[in-house]
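Q: Pasting in a structure now, in structure tokens, and then I'll have a few things to ask.
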Amino acid sequence: MLKRCRLVCDTPAGLRECVLTLPQNATIATALEAARTVLGEQAVDWGAAAVGIFGRVRDRSHVPADGDRIEVYRALRMDPRGRRRQRVGAAAPRGKH
């Protein structure tokens, strides 16, 4: 029996996705290998990128269910909280002279 999963990844060129037909016992690692042939070697860092299902980080050995959306996450360039602190600090009024 087979299952269908959607794999979505964020690339410098924008979101890319493909629909995969996988064996019932296929893991996320298996799905990544299948997607790599469809989306291309340069799409994402296939070996090191964090992965998840519907926004929850999962291990590559996790077995997704039929219909799951497997997501390949890209590394953040800067911590969102740190970036916000920078913006707030830059916009804060300076002391009176």
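Q: Inverting the mean 1/r over all pairs of different Cα atoms, compute the Kirkwood radius of the stretch 2-91 and quote it in Å.
A: 14.1
Q: Taking Cα atoms, how many degrees apart are the long axis of helix 28-39 and the longest axis of the chain, rounded to 10 and kept between 0 and 90?
A: That works out to roughly 90 degrees.
Q: What is the angle, in °, between the Cα long axis of helix 80-91 and the longest principal axis of the Cα atoms in the chain? Nearest 10 is fine, range 0 to 90.
A: Computed tilt is about 20 degrees.
None of the figures in this text is laboratory data; all of them are computed from the coordinates on show. Every value quoted in this text rests on a predicted model; they were computed, and no experiment measured them.
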